[in-house]
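**Student:** Can you read through this structure? Questions will come right after.
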Amino acid sequence: MKKIAVVGTGYVGLVTGTCFAETGNNVICVDIDEKKVNKMRNGEVPIFEPHLDVLFERNIRDNRLTFTTNLDDAIKDAEIIFLALPTPPGENGSADLSYVLGVAEELGKKIKNYKVIVDKSTVPVGTADKVRAAVAKHATVDFDIVSNPEFLREGFAVDDFLKPDRVVIGASSDRARNVMRELYKPFVRQGNPILFMDEKSAELTKYAANSFLATKITFMNEIANFCEIVGADVDDVRIGIGSDSRIGKRFLFPGIGFGGSCFPKDVQALVKSGKEVGHDFQIIDAVLKVNDKQKSRLIDKVENYFGDLKGKKLTIWGLAFKPDTDDIREAPALFMIDALLSKGATVIGYDPEAMENVKEIYGDKISFAKNQYEALQDADALLIATEWSAFRTPDFDRIKSSLKQPLIFDGRNLFDLDEMLNKGFYYESIGRKTILP
Ligand code: NAD
């Protein structure tokens, strides 16, 4: 059993804290957001993440997981302190380290005995040194800094954390390495590796992984756009190339661009890090440009169809940046909403989990429906932005009878072209031929 403090209780911090509690550790999570902390103290999970609620309840009940707004209380007895703080894009696109370095400096003033301070936030190469310097400014006791980037995926966060493909630990002291090895032992029983390396390599591993994945998606989006011009079918091409084990089947689905709180900011931050040392990241710079264009792909199709969107009533299914999360940061759907509103259209949105978060941004500028079918009532077309499972096999007759005309613009390629033809829809998707009724 280890005593752990987790600073920052967002998507990463809360999952980290809960999963470490689940393996028998004693975890105190600290956050500056009082409302959030009160919610958690009342047993409410502040985010939607599959399977988190069961672990959350169990570990609170068994007194292994507690919450506070007081950093002193959280770290007093902790041997390990995790930083799971935001690293949003700063003014020029580089990662804003003020949260991480601010807390690091606080920790320097507060620690009274040896601590392992672990950075779980996604941070540029060289941050561990900055964190070390920030802590050292005031610290009077020994401490170690570890870089332990997190690879969990929202929507699968608990599973990913409990059974990681790999754990990356950047550390330069044996003492810290041993603490981390013991802590992660229960999570790698199937034999997945704990990879020890220096801090800089660990920091870069995270950026390189996200940039590679963003590149893979973007590559497929470009192939999809080309398919539309030359009359090929991207689904066939996707399966054709994905069957090659060097390429792999995953992350090859074309769509309306990547979003979320990680890929856009991490890719941009890596480009910036490169610029700072005179390195020109040409491939991932292009990825950002192509992705920006891809985000307007579906709206372009809708506009081409209608000509003028003024006064059109359009339904969007899916507002979260991907299924199984309520996270809407950089969600393609928000980009679509902005574009549609600016062109004079009316928007009705539906999402199984993310509507409250979208309401906070748009208020009554758009309307929301209780379910996916109510959202379609008298709308001019259905636009699909997120591939929630509930959208995959819908009641097509109901869609048809609810819409003014049977028009679907699908940014996630959810439906079979043959089925759309049989059901009599006009159907546009990404990288496949348009179905005419
Ligand atoms: P988040 O915004 O969901 O959570 C951050 C939390 O930190 C918030 O609850 C905020 O109130 C709190 N906070 C801010 N300042 C604080 C302070 N001074 N003291 C205590 N708490 C404070 O962010 P997230 O999505 O969990 O991401 C955290 C980090 O992990 C980022 O660097 C991100 O890039 C990285 N990451 C995120 C994911 C993901 O899927 N979300 C995956 C891997 C890595």
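The values are calculated or read from the model by the stated rules, or taken from the named source; none is laboratory data. Only a predicted model underlies this, so the values are computations on that prediction, with no experimental measurement involved. Positions of Cβ are backbone-derived with ideal geometry, glycine not excepted, and every protein chain shown enters the neighbour counts.
**Student:** Grab the helices (runs of 4 or more DSSP H) fully contained in region 269-356, keeping just those with 3 or more residues being over 30 Å from Ala208 (Cβ atoms) and assigned by TED's automatic domain parsing to the domain that holds Ala379.
**Tutor:** Ranges flagged: 297-306, 332-342.
**Student:** Checking Cys29 against (1) under 28 Å from Lys110 (Cα atoms); (2) more than 11 Å from the ligand (Cβ to nearest atom), which test does it fail?
**Tutor:** Going through (1) under 28 Å from Lys110 (Cα atoms); (2) more than 11 Å from the ligand (Cβ to nearest atom) one by one, Cys29 breaks only (2).
**Student:** Part of a helix (DSSP H, G or I) and within 10 Å of the ligand (Cβ to nearest atom): is that true of Gly13 in this structure?
**Tutor:** Judged against the criteria, Gly13 is a match.
**Student:** Which is buried (at least 21 other Cβ atoms within 10 Å of the Cβ) and of a type in the set (Val, Ile, Thr), of Val103, Val141?
**Tutor:** The match here is Val103.
**Student:** Condition check: more than 9 Å from the ligand (Cβ to nearest atom), free of Cβ contacts under 8 Å to residues at least 24 places away in the same chain and either under 30 Å from Lys272 (Cβ atoms) or not assigned by TED's automatic domain parsing to the domain that holds Phe187 (or both). Does Gly43 satisfy that?
**Tutor:** Taking the combined requirement at face value, the residue does not satisfy it.
**Student:** Let me ask something additional. Of the residues Phe258, Phe253, which is within 16 Å of the ligand (Cβ to nearest atom) and closer than 19 Å to Ile384 by Cα?
**Tutor:** Only one candidate passes the filter, namely Phe258.
**Student:** Right, Ser121: within 11 Å of the ligand (Cβ to nearest atom) and farther than 20 Å from Glu22 by Cα or not?
**Tutor:** Yes.
**Student:** Only one of these is surrounded by 24 or more Cβ atoms within 10 Å (Cβ to Cβ) and within 12 Å of the ligand (Cβ to nearest atom): Ala5, Ala21. Name it. First the steps, then the outcome.
**Tutor:** Details: Ala21 fails: within 12 Å of the ligand (Cβ to nearest atom).
None of the others qualify; the one that does is Ala5.
**Student:** Which members of region 73-105 meet the condition of being β-branched (Val, Ile, Thr) and without any contact (Cβ under 8 Å) to a residue 24 or more places away in the chain?
**Tutor:** none
**Student:** Can you go through Ser173, Ser147, Ser94 and tell me which one is modelled with pLDDT under 95 and of a type in the set (Ser, Thr, Tyr)?
**Tutor:** Going through Ser173, Ser147, Ser94 in turn, the sole match is Ser94.
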